[in-house]
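Report on one structure; see the data block that follows.
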Amino acid sequence: MRKQQNVWGIEHRTATQIPAMNETEPSSAVLDFMKWLKSKNIKTKNCTTIDIGCGKGRNAIYLAKKGLHVYAIDYIDYALEILKYRALQNKVHSRITTIHADIDKVWPFENNYFDFAIDNFSSIDIETKSGRKIYKKELLRTLKPNGFALVSVVSTQDEVERKLMITKPGKERNSSLWPDTNKFQKNYDEEELRSFYKNFKILELKKIHKTATKMNKTYIVENFWLILQKTVQ
């Protein structure tokens, strides 16, 4: 992931292709996940969660404010330093632990460690199938039995990605390389998504349409929003 790491290191500093990189408000996907947990009367306060590919911490800080203990993992030092500063400003630094690590390698946590996990468009940037399999294995390993994970990925029917998969395809099916940076992105159709997460119980799977700005263009995106559960074997 060294090439991807360089791309993201620059993007975190410039937000050239993804202006939302500088946002401080939590993502709508995470807000909806918390609403879903509340609707099911699932306790969250003082529970542990991992924010996978946390970036500058907009979701980690929100979750910490809600009383969760957050482990924020990313491989961009600059982003983690911004997260620490913002956490201190928001007085939630005692509830956030930052971890500098690759998400496509073994995670530095024990089995059955987390009550919840957040993957908000992070694993789609793992540029190898083997790396994504490791990520999935680690997600399953570190979630507690009956624990929940939120996963957001981009649909193959997304307007921009549908074009890029033709004009700038990646090396595997349903993938693209972004113009200028050659950032890799893995996109999913529903069948492939269900197959990839077959080791989990899929509790919710929805298509989300909303406005977003990427690569100097504002358009309606199409994403998948999933809630997974680690079932007791």
- Query: Taking K and R as +1 and D and E as -1, what net charge do the other residues with C-beta under 10 Å from the C-beta of Lys230 add up to?
  - Reply: +3
- Task: Take the chain, connect every pair of alpha-carbon atoms lying under 10 Å apart with a spring to form a Gaussian network, then pick out the residue of Val221, Val153, Val106 with the largest mean-square fluctuation.
- Result: Val106
- Note on the structure: The simple spin-label model distance between Lys163 and Ser39, using points 7 Å out along Cα→Cβ, in nm, is 3.4
- Three principal axis lengths of the stretch 141-192 [C-alpha, angstrom, descending]: 43, 22, 17
- Listed here are the pairs Lys168/Lys201; Lys66/Lys163; Lys40/Lys136; which of them are more than 31 Å apart at the Cα? Lys168/Lys201; Lys66/Lys163
- Ser175 long-range amide H proximity, modeled H, under 5 Å: Gly170, Asn187
- Note on the structure: Restricted to the chain, the DSSP antiparallel beta bridge percent, nearest 5, is 55
- Note on the structure: Across Ser122, Ser28, Ser39, the residue with the highest GNM fluctuation in the chain (Cα network, 10 Å cutoff) is Ser39
- Task: Using label points projected 7 Å from each Cα along Cα→Cβ, tell me how many nm separate Ser94 and Gln229, to one decimal.
- Result: 3.4
- Task: Output the relative contact order of the stretch 1-117, whole-number percent, from Cα pairs under 8 angstrom with separation of 6+ residues.
- Result: 25
- With x for Gly and Pro, the residue-by-residue ³J(HN,Hα) of the stretch 200-214, computed from phi through the Karplus equation 6.51 cos²θ - 1.76 cosθ + 1.60 at θ = phi - 60° and given in whole Hz, is 9, 8, 8, 8, 9, 8, 10, 8, 10, 10, 7, 7, 8, 10, 9
- Residue with peak Gaussian network fluctuation, the chain [Cα springs, cutoff 10 Å], from Asp180, Asp158, Asp102: Asp180
- If you average the sequence gap of Cα pairs under 8 Å that are 6 or more apart and divide by the length of the chain, what percent do you get for the contact order? 18
- Query: What's log10 of I(q)/I(0) for the chain at q = 0.10, 0.11, 0.16 Å⁻¹, Debye sum over Cα points only, no solvent?
  - Reply: -0.42, -0.52, -1.20
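Computed from the coordinates by the stated procedures, all read-outs in this text should not be read as laboratory data. For clarity, every value in this text was computed on a predicted model and none was experimentally measured. Please note: Cβ atoms are built from the backbone with ideal geometry, for glycine as well, and neighbour counts cover all protein chains shown.
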